[in-house]
Amino acid sequence: MPNSVRTLPVLDLARFDKEPAQRDAFLRNVRDAAFGPGFFYLVGHGISDRLIRDVLTASRNFFSLPEADKLSIEMVNSPHFRGYTRAGREFTRGAADWREQLDVGAEREAFPFSRAAPAWTRLQGPNQWPSAQPELKPLLLRYQQEVTALAIKVLRVFAAALDQPEDVFEPIYAPSPHQLIKIIRYPGRAATESDQGVGAHKDSGFVTILLQDSVAGLQVETDDGWIDAPPLPGSFVVNIGEILELASNGTLRANVHRVVSPPAGTDRLSVAFFLGARLDASVPVLQLPPTLAPHARGITQDPKNPLFREVGRNYLKGRLRSHPDVARRHHADLLEDAVNEPDLASAY
């Protein structure tokens, strides 16, 4: 990997299924991307252009609904952190993110509520859907199914790049991985205002599969500072989450990224999918071959964002911090002083 990185690499997933020489070259490219920016553009992914267009169009239509329709499914109504969030109501390191969004998870029944049960059980439950846009539910659930299959294949790629069996992570995600879609709109802001669309953070799952529209804003932190990751037609942006960092002892490291608000008079649309492990799982430490030992950088030590191997505990930590209104209404018994300190990090 070159010492100076000014753009993200573009990787073709189709090469993973080619003859051994092409596959090996592809896996070297994956390792270079992982040891460098921790992000890459993914092409050859197999998700149809039609589905991508439909999802972006439906997302745009959702954000164009009257405010009353969106607020009818406001996240504060859901103990499971599902639903609509107004701009300025989600927080990263205590600062408001200037974006409106809809959070959609796996469509599963809630666990029976019990204070004696593990706190993470409160994260599972049904989504909220807008009655004014009935076509949104089947479309996003179809997209969730297809992009979950893609993310699992990417996870198999990372396993192979670590010289592990491709299914090495299956015991901690099957049969019910943690799935989250966020459709997001970043309104434009004047140059005199804060440019925080979403503040600097890491993602908490295995991998993130990000679909961008035509407006830039994503930035990735590197050793040389922040670099832009503008939209590349036909691609997704893939990045490493904290579960892979924990499992690989930092050989794969979740990288810090942010989104800068677009200029006034414009907006930006994106659809982020986060694949995670089962909420009841704990992240193991893989036994890596000697050839990869020099790349094991250890787990990031950030007192403002401690990493837990208990998957549900790690997710719940981020949700309580990023959505304090939901936490106060539904989970006041879980709140501690540490959770409410304004400069603590949150993750997705």
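What follows draws every value from the coordinates through simple rules; no lab data is involved. On a predicted model such as this, the values are computed, not experimentally measured, just so you know. For neighbour counting, all protein chains shown are included, and Cβ atoms are generated from backbone atoms with ideal geometry for every residue, glycine included.
Before moving on, here are some points about what is shown:
- Under 19 Å from a label point set 7 Å out along the Cα-to-Cβ vector of Thr57, the amide N atoms of region 182-202 belong to 183-184.
- The length gained by stretching the chain between Val10 and Leu71 to full extension, at 0.36 nm per residue less their Cα-Cα distance, is 18.1 nm.
- A simple rule links phi to the HN-Hα coupling: the Karplus curve 6.51 cos²θ - 1.76 cosθ + 1.60 with θ = phi - 60°, which for region 260-271 gives 8, 4, x, x, 4, x, 10, 8, 9, 10, 8, 10 Hz, with x for Gly and Pro.
- Unit Cα scatterers, Debye sum, region 233-292: log10 I(q)/I(0) for q = 0.17 Å⁻¹: -0.79
- Calculated from backbone phi, Karplus (6.51, -1.76, 1.60) coupling profile of region 179-196 in Hz, x at Gly/Pro: 10, 8, 9, 10, 8, 9, 10, 9, x, x, 9, 5, 4, 7, 9, 4, 9, 7
- Stretch in the chain that is longest and holds no GluC sites (Glu not before Pro) that DSSP places in a loop and that have at most 16 other beta carbons within 10 Å: 194-335
- Estimated [θ] at 222 nm from DSSP helical runs (n ≥ 4, -39500 (n - 2.57)) normalised by residues in the chain, nearest 500: -8000 deg cm²/dmol
- The Ala293 and Ala117 beta-carbon pair, evaluated with R₀ = 35 Å, returns a calculated FRET efficiency of approximately 0.30.
- Within region 10-340: Cβ-based charge dipole about Cα centre, in debye rounded to nearest 20 (Lys, Arg +1; Asp, Glu -1): 440
- For His80, neighbours were defined as the other residues whose beta-carbon sits under 15 Å from its Cβ, and their charges (Lys and Arg +1, Asp and Glu -1) total +1.
- Residues Arg319, Arg156, Arg60 arranged by fewest to most Cβ contacts within 10 Å: Arg60, Arg156, Arg319
- Based on Cα contacts under 8 Å between residues 6+ apart, the chain shows a relative contact order of 22 percent.
- Region 271-292-region 72-150 distance, computed between alpha-carbon centres (Å): 23
- Here the Karplus curve 6.51 cos²θ - 1.76 cosθ + 1.60, taken at θ = phi - 60°, turns the phi angles of region 216-227 into couplings of 6, x, 5, 10, 10, 7, 10, 4, 9, x, 7, 10 Hz, with x standing for Gly and Pro.
- For the chain, diffusion coefficient by Stokes-Einstein and Kirkwood Rh (Cα), 4 °C, 1.567 mPa s, µm²/s: 63
- Scanning residues 5 or more positions from Thr92 or on other chains, those with amide H under 5 Å from its amide H are Asp97, Gly199, with H placed 1.01 Å from N in the peptide plane.
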